[in-house]
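The values are calculated or read from the model by the stated rules, or taken from the named source; none is laboratory data. Here the structure is a predicted model, which means the values were calculated and not measured. Cβ: placed from backbone, ideal geometry, glycine included. Neighbour counts: every protein chain shown. Each accessible area value is taken on the protein alone, full model and side chains, heavy atoms only, with ligands, DNA and RNA left out. Shrake-Rupley method; radii C 1.70, N 1.55, O 1.52, S 1.80 Å.
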Amino acid sequence: MHDERDTGSFPICPSPATRHRLGELSHEGNGLVRTCDVRGVLHCHTAYCGGAHRLRDMVETARQIGLEYLGISDHARCESAPDGLDAFALARQREEIEALRELYDDFDILQGVEVYMAVDGSMPLADEVLAEMDYVIVSLREERDESPARRTAHAIRAIMNPCTTILSRPITGYMLARPPAPLDLDAVLAAAAETRTALEVAALPEDVDADWVHCRRAQQLGVLISINPNAHRAARLVDYRHGVELTRKAGLCCRQILNTLTAPELRAFLRRDL
Ligand SMILES: [Zn+2]
């Protein structure tokens, strides 16, 4: 179904003619990602850890805006996130998520966690705790005056960790920044493509005019992208639309975007069955 209603700056489903103008047909049927192709988002925070709203309210908002799943990714406790969750708190949160899942047959809730990986590769949670999560977002805490070589090695170490599903900051920022990146981004992209680790494109309204050159390069190298709002309150969940707008400029297709997968497909991907 094609729909060109006036939706502000967000074209939902352009007509075939419009898609042709945008170059979609050159992608062999794998069209440019559209807002309606995004099935869920995987980076948000709740009142468990610094978020403004309860987990249940985040889920309700995600359902109301038409998403099919929501990944909860509160911080793991560490020096950079002292109010983050430890293994016990994550287990308590999982009980709430499992109870909520029972309420909906049309909506899936995943339990992720956002962890800061130290420069030496250590994680704030034990491997067996990370393995219990549906997915893991890794953020890197940069050292002062870190060299490009060390920054590259740090990012690749995070990508190579089998627990890592999505690599977030500071790559998130580099992906939207004008070249040159302050690290060997091609090496990072190649490692991400090889391991099928998704790189996050943050979707903030203020980033609408960000540079998309690195996103296009990521697609050329076959890297999966996860478009996420990093929402700390329910109303910011819709921010993923800004990420769609940006990645369309880069020519990204659905097959490159992790969260265009349906909930069962995503579950299969996370089990490494897809
Ligand atoms: Zn976050």
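Quick rundown of the values:
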item: Inter-residue pairs, beta-carbon under 7 Å, first over 19 Å from Thr164 (Cβ atoms) and in the range 127-149, second open to solvent by less than 20 Å² (accessible area, probe 1.4 Å), 6+ apart; result: Pro148/Leu183
item: Extreme residue, least open to solvent (accessible area, probe 1.4 Å), among residues of the range 169-225 that are modelled with pLDDT of 95 or more and polar (S, T, N, Q); result: Thr197
item: Hits in the range 146-163 - residues which are under 14 Å from Ala118 (Cβ atoms) and either open to solvent by less than 20 Å² (accessible area, probe 1.4 Å) or within 16 Å of the ligand (Cβ to nearest atom) (or both); result: Glu146, His154, Ala155, Ala158
item: Subset of the range 71-89 that is in contact (Cβ under 8 Å) with a residue 60 or more places away in the chain and open to solvent by less than 10 Å² (accessible area, probe 1.4 Å) - its residue that is farthest from Ala126 (Cα to Cα); result: Gly71
item: Failed condition for Arg267, given (1) modelled with pLDDT of 90 or more; (2) more than 18 Å from Val113 (Cα to Cα); (3) open to solvent by 30 Å² or more (accessible area, probe 1.4 Å); result: (2)
item: Residues satisfying the stated conditions in the range 115-142, i.e. open to solvent by 50 Å² or more (accessible area, probe 1.4 Å) and over 17 Å from Val188 (Cβ atoms); result: Asp120, Ser122, Asp127, Glu128, Ala131, Glu132
